[in-house]
Amino acid sequence: MASTRAAIRYAKAILDLANSKGVAEAVNNDMKTIAQAIETNTELSTFIQNPTTTVEVKESALLEVFADVNGVTKGLFHLLFENKRFEILDAIAKEYNKLFDENNGVEVAKVTTAIPMDAALEAKVLAKVATLSDKKITIENIVDPSIIGGFILRIGDNQYNASVANRLQVLKRELSN
């Protein structure tokens, strides 16, 4: 929990700095790249989390791996080096993306489906979701075969569950009463 609060504080500070320098969008792209790299590359994730690796080695490796990032992002690497907090880099990157989207009126709609959505279905969902919110919407597709069919739509705190698994659960409850 403490690392999440720390990640939020770092993300807010980096966003403020990036906004003041006019590079918030470039830093957002850097943070998306960093979060995706850490999430998909287990070697990088393990390297960052490894407590026996010195912070000097971590900083130089990250500066090499992410050589083309913005100066503000490089400043974050140096700040994490000074504070010995590289293990929360992934959380900082994700928090920055959330804060950046909030500041720019972008809302993420998470759509859980049993199979990956194709472009046509994604366009239909995006059109329907746009009627529910006045913000700019981006869709994040989560694939979960356990819902059997249908979908689960989550926008902010609101959730609409139209999954086959949910309908079966409701039917089971009705029949057991």
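Observations
- Of the helices (runs of 4 or more DSSP H) lying entirely inside region 41-147, those carrying at least 3 residues that are farther than 21 Å from Val23 by Cβ are 42-49, 55-65, 119-132.
- The set of residues from region 9-44 being among the acidic types (Asp, Glu) and under 12 Å from Phe66 (Cβ atoms) comprises just one member, Asp30.
- The number of residues in region 27-49 that are farther than 18 Å from Ala7 by Cα and either open to solvent by less than 40 Å² (accessible area, probe 1.4 Å) or free of Cβ contacts under 8 Å to residues at least 12 places away in the same chain (or both) comes to 6.
- Set Val108, Val65: member being open to solvent by 30 Å² or more (accessible area, probe 1.4 Å), under 12 Å from the mean Cα position of the chain (by Cα) and within 17 Å of Gln36 (Cα to Cα): Val108
- Extreme residue, farthest from Glu140 (Cα to Cα), among residues of region 8-37 that are of a type in the set (Val, Ile, Thr) and assigned to a helix (DSSP H, G or I): Ile14
- Test set (1) open to solvent by 80 Å² or more (accessible area, probe 1.4 Å); (2) at pLDDT below 90; (3) closer than 26 Å to Arg5 by Cβ - Gly156 fails condition number: (1)
- In this entry, Arg5 passes the filter for residues that are farther than 19 Å from Gly75 by Cα and assigned to a helix (DSSP H, G or I).
- Checking region 14-25 against the condition returns no match, with no residue being under 19 Å from Lys84 (Cα atoms), of a type in the set (Gly, Ala, Ser), modelled with pLDDT of 95 or more and surrounded by fewer than 16 Cβ atoms within 10 Å (Cβ to Cβ).
- Single condition Asp144 does not satisfy, out of (1) in contact with an Asp or Glu (Cβ under 8 Å, 6 or more places away or on another chain); (2) closer than 24 Å to Ala119 by Cβ; (3) open to solvent by less than 100 Å² (accessible area, probe 1.4 Å): (1)
- Looking across region 116-131, just one residue is in contact (Cβ under 8 Å) with a residue 24 or more places away in the chain and open to solvent by 70 Å² or more (accessible area, probe 1.4 Å), and that is Pro116.
- In the set Gly156, Gly150, only one residue is within 12 Å of Lys110 (Cβ to Cβ), small (Gly, Ala, Ser) and in contact with a strand residue (DSSP E or B) (Cβ under 8 Å, 6 or more places away or on another chain); that residue is Gly156.
- For region 69-105, a residue qualifies if it is open to solvent by less than 20 Å² (accessible area, probe 1.4 Å) and either within 28 Å of Leu132 (Cα to Cα) or of a type outside the set (Val, Ile, Thr) (or both), and the qualifying residues are Leu76, Phe77, Leu80, Phe86, Leu89, Ala93, Tyr96.
The values are calculated or read from the model by the stated rules, or taken from the named source; none is laboratory data. Model, not experiment: these values are computed from the prediction. Neighbour counts run over all protein chains shown; Cβ positions are idealised from the backbone, glycine included. Heavy atoms of the whole protein, side chains included, go into the accessibility calculation; ligands, DNA and RNA do not. Shrake-Rupley method; radii C 1.70, N 1.55, O 1.52, S 1.80 Å.
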